[in-house]
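In what follows, a structure is listed as structure tokens, so that the remarks can point back to it.
The values are calculated or read from the model by the stated rules, or taken from the named source; none is laboratory data. Owing to the predicted nature of the structure, the values given are computational and were not obtained by experimental measurement. Heads up, the Cβs are rebuilt from the backbone with ideal geometry, glycines too, and the neighbour counts pull from every protein chain shown. Surface accessibility is based on the protein's heavy atoms, side chains included, excluding ligands, DNA and RNA. Shrake-Rupley method; radii C 1.70, N 1.55, O 1.52, S 1.80 Å.
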Amino acid sequence: EAIAHADLVIENGAGLESWLHDTITNSGFDGPLVDTSQGVQLRQMSGATDPHIWQNPHNAEVMAANIDRAFAAADPADARVFRANLAAYTKQLQALDAQVQRQIDSLANKKLVTNHDAFGYYIDRYGLQFVGSVIPSFDSSAELSGRDIRDLVAKVRATGVKAIFSETTLPPRAAETIGREAGVKVVTGDDALYGDSLGPPGSDGDTYLKMIRHNTATIVGNLSGT
């Protein structure tokens, strides 16, 4: 019903919302559909597109600009307001990017293991070394095999990984198993990373800017050993 009565619909794009187009068709919506991934350089891995584009603040700038253009086209009378908001938010994104880069640059050990492969754009942007993920896929619902676990345990032991990072939207059980077998810390609970979703109101991840700051502080704090 919300989609049916919307002035426009915004999607992340890059294949994230595989279910959305059927929903739009069924709703009867015939307005503009805004794909915020337009203009983003997409990562490819084993023939699949990584949809987690927002993990790089530079991509978030592109996404925000796509939204600005769509709002201005839908409501030309307020185009100046949208453009001013975009300019202000872009400055915040650029400051965030510089802050994150400084923090990551301070690390001697930049080896990262996460719950699933959701941080590729962040890793590429800031020069981290991706060792592996508990779920070896962009899809958080992918099945995990015993061989996957053994292989990752071996990698963690061989590379000197300091911590394994779970995510707020995924159960930490498999990560805890790997951490226990490899003898390394597993970051869970309130310190878990925001991978696929923002956090609830009042949390460290209830806005995009706070989410990236939280993830960065968690990664740096645990990889620096402080």
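Taking only segment 176-218 into account, find how many residues are part of a helix (DSSP H, G or I) and within 19 Å of residue 110 (Cβ to Cβ). Steps first, please.
First, the residues of segment 176-218 that are part of a helix (DSSP H, G or I): 176-182, 189-191, 208-218.
Those still in the list that are within 19 Å of residue 110 (Cβ to Cβ) too: 179, 182, 191, 212-218.
Result for segment 176-218: 10.
Every residue, every condition in (1) hydrophobic (A, V, I, L, M, F, W, C); (2) under 15 Å from the mean Cα position of the chain (by Cα), yes or no:
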| position | (1), (2) |
| --- | --- |
| 5 | no, no |
| 8 | yes, no |
| 15 | no, yes |
| 22 | no, no |
| 29 | yes, no |
| 32 | no, no |
| 37 | no, yes |
| 43 | no, yes |
| 51 | no, yes |
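Just to verify a result, which residue in segment 100-118, among those that are within 21 Å of residue 43 (Cα to Cα) and open to solvent by 10 Å² or more (accessible area, probe 1.4 Å), is modelled with the lowest pLDDT?
The qualifying residue modelled with the lowest pLDDT is 117.
Filter segment 142-171 for residues that are within 19 Å of residue 211 (Cα to Cα) and surrounded by 19 or more Cβ atoms within 10 Å (Cβ to Cβ) and give the result.
164, 165, 166, 167, 168, 170 - these are the residues of segment 142-171 that are within 19 Å of residue 211 (Cα to Cα) and surrounded by 19 or more Cβ atoms within 10 Å (Cβ to Cβ).
For the structure I just gave you, tell me whether residue 185 is within 22 Å of residue 217 (Cβ to Cβ), in contact (Cβ under 8 Å) with a residue 60 or more places away in the chain and open to solvent by 30 Å² or more (accessible area, probe 1.4 Å).
Values: within 22 Å of residue 217 (Cβ to Cβ): yes; in contact (Cβ under 8 Å) with a residue 60 or more places away in the chain: no; open to solvent by 30 Å² or more (accessible area, probe 1.4 Å): yes.
For residue 185, the condition - within 22 Å of residue 217 (Cβ to Cβ), in contact (Cβ under 8 Å) with a residue 60 or more places away in the chain and open to solvent by 30 Å² or more (accessible area, probe 1.4 Å) - is not met.
Name the pairs: first residue in segment 201-213 and more than 13 Å from residue 60 (Cα to Cα), second residue open to solvent by less than 20 Å² (accessible area, probe 1.4 Å) and among the aromatic types (Phe, Trp, Tyr), Cβ to Cβ under 7 Å, at least 6 apart or on different chains?
205/194
Applying the selection to segment 18-74, what residues are without any contact (Cβ under 8 Å) to a residue 24 or more places away in the chain, under 14 Å from residue 7 (Cβ atoms) and loosely packed, with under 15 Cβ neighbours inside 10 Å?
30
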